[in-house]
Amino acid sequence: MVSQLYFLVKDRHFYPHTTIPWICCSEQRNIEESLEKSENKLQEGTVIKSTGSWYLVRMADGSHVRSRIIGKFRLNGLSLTNPVAVGDKVAMLIDDQEGQDKTGLIKEIKSRQNYIIRQSPKKRRSLHLLASNIDQAFVVVTIVQPNLKQGFIDRFLMMTEPHDIPTWIIFNKADLYSEDDLFIFEMLKDIYEKIGY
C-alpha cells in the first residue's frame with residue numbers, strides 16, 4: 001500500500017537506515033550480568049529506533065546507545081508484541097567499557113503522554129505498539145494510483161482521536177486527478193473538515 005503514516009515527535013530524529021550490530025546470546029548474557037553488577041545509576045533517554053529486540057536510545061547529551069529490554073512490560077495489563085516503541089522515555093543501565101560501543105539495558109519505561117496501538121499482524125490476541133509520546137500525526141493518501149481506501153483514513157483517525165493527537169490528512173498526487181477524482185477529493189475534504197481535520 002502506498003499510503004503512509006508519519007508521526008511528528010518534537011526534538012526526535014528517526015534513523016531508518018542505521019544498523020544495529022547483532023550480538024550473540026552469550027555476549028548478551030555477559031552484558032546483562034556486567035550491567036547488573038555495575039554501580040551505574042539509571043540514566044534516562046528517548047527511544048528513536050526499534051529493530052526487533054534492539055532499540056536505539058538518544059541520551060540527554062545527544063549520544064546514541066543501542067539497548068535491549070529485560071523482563072516483560074505490559075501496557076495497562078494488555079499483552080504487547082513489542083513493549084517499547086519509538087518515542088518512549090526509558091530509564092536504563094549503560095555499560096560504557098573502554099574500547100567498546102556503549103550498550104544499555106532498559107529497566108523501566110516512563111509513563112506515556114499518548115500512544116498508538118493496533119492489533120498485531122502475527123499474534124491475534126496481542127497488540128502492536130506503533131509509537132508513543134506523539135506530538136502530531138500525518139496520514140498521506142491518494143485518490144488514484146493506488147485507489148483510495150477511505151477505511152484506511154477512518155481507522156487511522158480512530159487510533160489517534162482517543163488520545164487527542166493532532167492529525168492531518170494529506171492527499172497526494174493531485175496532478176493525476178481527473179475531474180471525477182477532483183469531485184471525490186472535494187467531497188472528502190468537506191467531510192473531514194466538518195469533523196475537525
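From Lys194, Lys189, grab the single residue that is exposed (fewer than 10 other Cβ atoms within 10 Å of the Cβ), of a type outside the set (Phe, Trp, Tyr) and either closer than 30 Å to Arg112 by Cβ or over 25 Å from the mean Cα position of the chain (by Cα) (or both). If you could, list the steps in order and put the result at the bottom.
Values: Lys189 fails: exposed (fewer than 10 other Cβ atoms within 10 Å of the Cβ).
One residue alone meets the criteria, Lys194.
Name the residue, out of Ser67, Ser120, that is at pLDDT 90 or above, crowded, with 16+ Cβ neighbours inside 10 Å, among the polar types (S, T, N, Q) and closer than 17 Å to Gly52 by Cα.
On the way: Ser120 fails: at pLDDT 90 or above.
From the options Ser67, Ser120, the qualifying one is Ser67.
Just to be sure I understand, how many residues within the range 123-149 are part of a strand (DSSP E or B) and either buried (at least 16 other Cβ atoms within 10 Å of the Cβ) or at pLDDT below 90 (or both)? I'd like the intermediate steps shown before the answer.
Just the residues of the range 123-149 that are part of a strand (DSSP E or B), to begin with: 127-132, 136-142.
Next cut, either buried (at least 16 other Cβ atoms within 10 Å of the Cβ) or at pLDDT below 90 (or both) only: 127-132, 137, 139, 141-142.
Of the residues in the range 123-149, 10 are part of a strand (DSSP E or B) and either buried (at least 16 other Cβ atoms within 10 Å of the Cβ) or at pLDDT below 90 (or both).
Would you tally the residues in the range 150-175 being part of a helix (DSSP H, G or I) and either open to solvent by less than 80 Å² (accessible area, probe 1.4 Å) or closer than 30 Å to Lys49 by Cα (or both)? Give the derivation first.
Start the filter on the range 150-175 by keeping residues that are part of a helix (DSSP H, G or I), which leaves 150-163, 174-175.
If we keep only those that are either open to solvent by less than 80 Å² (accessible area, probe 1.4 Å) or closer than 30 Å to Lys49 by Cα (or both) as well, we get 150-163, 174.
Of the residues in the range 150-175, 15 are part of a helix (DSSP H, G or I) and either open to solvent by less than 80 Å² (accessible area, probe 1.4 Å) or closer than 30 Å to Lys49 by Cα (or both).
With respect to the numbered conditions (1) open to solvent by 10 Å² or more (accessible area, probe 1.4 Å); (2) over 20 Å from Gly52 (Cα atoms), which one is the sole condition not fulfilled by Ile109?
With respect to (1) open to solvent by 10 Å² or more (accessible area, probe 1.4 Å); (2) over 20 Å from Gly52 (Cα atoms), Ile109 is out only on (2).
For (1) more than 25 Å from Arg58 (Cα to Cα); (2) of a type in the set (Phe, Trp, Tyr), each residue gets a yes or a no:
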site	(1), (2)
Val90	no, no
Leu93	no, no
Arg112	no, no
Ile170	yes, no
Tyr177	yes, yes
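The values are calculated or read from the model by the stated rules, or taken from the named source; none is laboratory data. Worth saying up front: this structure is predicted, and the values here are computed from it rather than measured. Cβ coordinates were reconstructed from backbone atoms using ideal geometry, including for glycine residues, and neighbour counts include every protein chain displayed. When the accessible area is computed, the model is the full protein with side chains, heavy atoms only, and any ligands, DNA or RNA have been set aside. Shrake-Rupley method; radii C 1.70, N 1.55, O 1.52, S 1.80 Å.
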